[in-house]
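Read through the structure below, which is laid out as structure tokens, and then see the notes.
The values are calculated or read from the model by the stated rules, or taken from the named source; none is laboratory data. Everything numeric in this text was worked out from a predicted model, so none of it was measured. When we count neighbours, we look across all protein chains shown, and the Cβ atoms used for this are built from the backbone with ideal geometry, even at glycine. In case anyone asks, the SASA skips ligands and DNA or RNA and just uses the protein heavy atoms, side chains included. Shrake-Rupley method; radii C 1.70, N 1.55, O 1.52, S 1.80 Å.
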Amino acid sequence: MAPLAALLLLLLAAAALAKPVEYHSFAATPLSPHPYTAAADDDVFGGSLAAAEDGAAAVRFRVVHRDAFAVNTTAAELLKHRLRRDKRRAARISKDAAAAAGGAAANGTSHGAGGGVAAPVVSGLAQGSGEYFTKIGVGTPATPALMVLDTGSDVVWLQCAPCRRCYDQSGPVFDPRRSSSYGAVDCAAPLCRRLDSGGCDLRRRACQYQVAYGDGSVTAGDFATETLTFAGGARVARVALGCGHDNEGLFVAAAGLLGLGRGSLSFPTQISRRYGRSFSYCLVDRTSSASSSSGNLAGGSRSSTVTFGPGAVGASASFTPMVRNPRMETFYYVQLVGISVGGARVPGVAESDLRLDPSTGRGGVIVDSGTSVTRLARPAYSALRDAFRGTAAGLKLSPGGFSLFDTCYDLGGRKVVKVPTVSMHFAGGAEAALPPENYLIPVDSKGTFCFAFAGTDGGVSIIGNIQQQGFRVVFDGDGQRVGFAPKGC
């Protein structure tokens, strides 16, 4: 009896010392079943662009989610479209990373405390490739252009007249023949040689570009320099960009793309001499543009800003060092060292499964604005999912899953539930404690909610924009670090 009594005492002591599981109170609001239509473009972005001054110390602009432009569409329909786009993008990122690790050129992109620059960012689930949009002016005089923000690519480009093949976009197509600041890039220019997929129109001696994206979209045309104008009052001259006369794929509504990657042709790199190499953004809730119960977005869409320059680096962010992949210069790699569920580290989320091997370029974790759902190496994801299921045992599992999600819950009829906390831990001590809406998302109007992570066998893990919602995410290129500031919108 003595050994049994001692064992019982040990078990009781361990139970007394065990840390209680940490929970969030979560408002289980399902998707609205009603179709809605977006407000006008100028309503979403707050009017026309200001005439910017060259002496501005910052570039700052609003950002909106693509759902802010939806027409007569339900939130459930938009989510299905988004997850299909997301699957294609994640697959292409994995393919590009694998190609780079194998020594081949990745073809996902063509490379070729003070002021700063800022612009509004809006969230949207309904238009072509890319999830978050901003509005800038292109040329002199400025033509308003709705641009996708993408940390996973470098080249800046937009559709240009005359079009050989163009998709429908919001607003007029930019015509370089009407801009006094447009300048063609010569085939022999150093700018042209920076392109991975560059070419030359020998008749005109004009540099040509082509970019293929993770969802199968392609743009091609003339490589040029042009002046960009921002609503916050900044005017940036001689930005190298693609003037696309031949464009196809999923770029519905947006005029083009503002590449925010780490490569030599990305927008942050091009403006670094004037504003430094730092920028930050805060992504609004993906459902913010569908939040109006009246059926449209007038007054219902929230937005945030992206800021370029020293003012982008806030004091409240928790920072982790950037990790460099010598075989893939575009992506922002970080070292994810663990994940906690309910306040306890998940033993099966091993750092070794998430570490980049710089000698081969394989593995690692990137922070990406264009991927929605965070994907983790399969062993890490399985451990995270099992830990969440175990601590969320009080919630009713919904059989069958949904799309790429294998862990869903039936919360129909429940207004507030308790869900275990989830935190991501990074090298250097940085932590991102996720709000519950960043990992338990509604997928229908009946009360089905899914755990918004997925596994991948593609090598590279991706921290997606659903998990980034509400954080001010800082890409401090000058300090070679990435930061996360909660409640930053």
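Please find, among Pro172, Pro162, the residue that is touching a His at 6+ places or on another chain (Cβ under 8 Å) and either surrounded by fewer than 20 Cβ atoms within 10 Å (Cβ to Cβ) or farther than 30 Å from Asp67 by Cβ (or both).
On the way: Pro172 fails: touching a His at 6+ places or on another chain (Cβ under 8 Å).
Only one candidate passes the filter, namely Pro162.
Please go through the range 367-397 and give me each residue that is over 29 Å from His65 (Cβ atoms) and surrounded by 24 or more Cβ atoms within 10 Å (Cβ to Cβ), ordered by number.
none
Is it the case that Arg178 is at pLDDT 95 or above, open to solvent by 20 Å² or more (accessible area, probe 1.4 Å) and under 29 Å from the mean Cα position of the chain (by Cα)? Please lay out each step first, then the result.
On the way: at pLDDT 95 or above: yes; open to solvent by 20 Å² or more (accessible area, probe 1.4 Å): yes; under 29 Å from the mean Cα position of the chain (by Cα): no.
When the stated conditions are applied, Arg178 does not pass them.
Residues are listed down the side, and each one gets a yes or a no for (1) open to solvent by 20 Å² or more (accessible area, probe 1.4 Å); (2) more than 22 Å from Ala380 (Cα to Cα); (3) in contact with a helix residue (DSSP H, G or I) (Cβ under 7 Å, 6 or more places away or on another chain); (4) at pLDDT 95 or above:
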position	(1), (2), (3), (4)
Pro435	yes, no, no, yes
Leu440	no, no, no, yes
Ala452	no, no, yes, yes
Val460	no, no, yes, no
Gln467	no, no, yes, yes
Arg472	yes, yes, no, no
Asp478	yes, yes, no, no
Arg481	yes, yes, no, yes
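Go over the candidates Tyr209, Tyr281 one by one and state the one that is within 28 Å of Gln469 (Cα to Cα), part of a strand (DSSP E or B), at pLDDT 80 or above and among the hydroxyl-bearing types (Ser, Thr, Tyr).
Details: Tyr209 fails: within 28 Å of Gln469 (Cα to Cα).
Matching residue, one of Tyr209, Tyr281: Tyr281.
Looking at the range 255-274 only, could you name the residues that are hydroxyl-bearing (Ser, Thr, Tyr) and open to solvent by 10 Å² or more (accessible area, probe 1.4 Å)? Outline the logic, then answer.
Within the range 255-274, the subset hydroxyl-bearing (Ser, Thr, Tyr) is 264, 266, 269, 272.
Result: Ser264, Thr269, Ser272.
When Ala240 is evaluated against the numbered criteria (1) under 17 Å from Thr269 (Cβ atoms); (2) surrounded by fewer than 20 Cβ atoms within 10 Å (Cβ to Cβ), which criterion, by number, is the only one it fails?
Among (1) under 17 Å from Thr269 (Cβ atoms); (2) surrounded by fewer than 20 Cβ atoms within 10 Å (Cβ to Cβ), the lone unmet condition for Ala240 is (2).
Would you check if there is a residue in the range 284-306 being assigned to a loop (DSSP other than H, G, I, E, B), modelled with pLDDT under 90, among the polar types (S, T, N, Q) and buried (at least 24 other Cβ atoms within 10 Å of the Cβ)?
Start the filter on the range 284-306 by keeping residues that are assigned to a loop (DSSP other than H, G, I, E, B), which leaves 284-287, 291-295, 297-302.
Retained after the next criterion (residues that are modelled with pLDDT under 90): 284-287, 291-295, 297-302.
Now restrict to residues that are among the polar types (S, T, N, Q): 287, 291-294, 301.
Within this subset, residues satisfying the condition of being buried (at least 24 other Cβ atoms within 10 Å of the Cβ) are 301.
Yes.
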